[in-house]
Amino acid sequence: MDMSIVKQTGTKAVSIAVAGMILPLIVGVGISFSMSGKNENTNEISYILYIGIVLSVTSFPVLARMLAELKLINTELGKLALSTSLINDVCAWALLALAIALSEQNSSTWASVWVVASNMLFVAFCFFVVRPSVTWLIKRTPEGKQFSEFQICVVLVGVVISAFITDVIGTHSIFGAFVYGLVIPNGPLGAAIIEKLEDFVSGLLLPIFY
């Protein structure tokens, strides 16, 4: 993930992302609050939070695909939209992790805290351990030389492991894969992975998912 795009747009992207989330979140919380209490088996707090999140999120993969189709992805407007959506998605996944932690009917408060803390540790591990490791792997490969199949497989196995970890924690497997994707540095490795997987993902997985 090219995090430099977010740095280029600066505080503008953050401001738009926050402003774009607050109103839909308030509306979603208001609607869900009026509908809550009708099902005794539903955790009221997590239900209200979940509906608010759903209505306030702009999906990053969907927006990226739309911008690519419209050939706007490399424009200033496209970069700003991507940065805003990325920040929006990160906030949404953080709130979703909290909602899932609170949704466990039989769990104690400490169990919910454990889920949130575990997710924070996972994110920290990805940024402070996985990212430097991947950067070392990139530097270890001579410039101009292609990455081996083994190296790419190691990186892709990391996606599966990350998804498995967050699923075990109790969040969602997509959250793990999403965070792992954020820590992969933009450059030759990212380009090599896209080259290997783009047709398979765009032609098969995306239509199935959406």
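Nothing in this text is a laboratory measurement; each read-out follows from the coordinates by a stated rule. Keep in mind that this is a model prediction, so the values were computed, not measured. Neighbour counts run over all protein chains shown; Cβ positions are idealised from the backbone, glycine included.
The table below lists the values:
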| read-out | value |
| --- | --- |
| Longest to shortest principal axis, alpha-carbon extents of the stretch 108-210, angstrom | 53, 34, 19 |
| Residue order, fewest to most surrounding Cβ atoms within 10 angstrom, among THR166, THR58 | THR58, THR166 |
| Electrostatic dipole magnitude of the stretch 108-210 [Cβ: Lys, Arg +1; Asp, Glu -1; Cα centre; debye, to 20] | 320 debye |
| Likely footprinting exposure, ILE31, ILE73, fewest C-beta neighbours within 10 Å first | ILE31, ILE73 |
| MET35 paired with VAL154, simple spin-label distance in nm, labels 7 Å along Cα-to-beta-carbon | 4.8 nm |
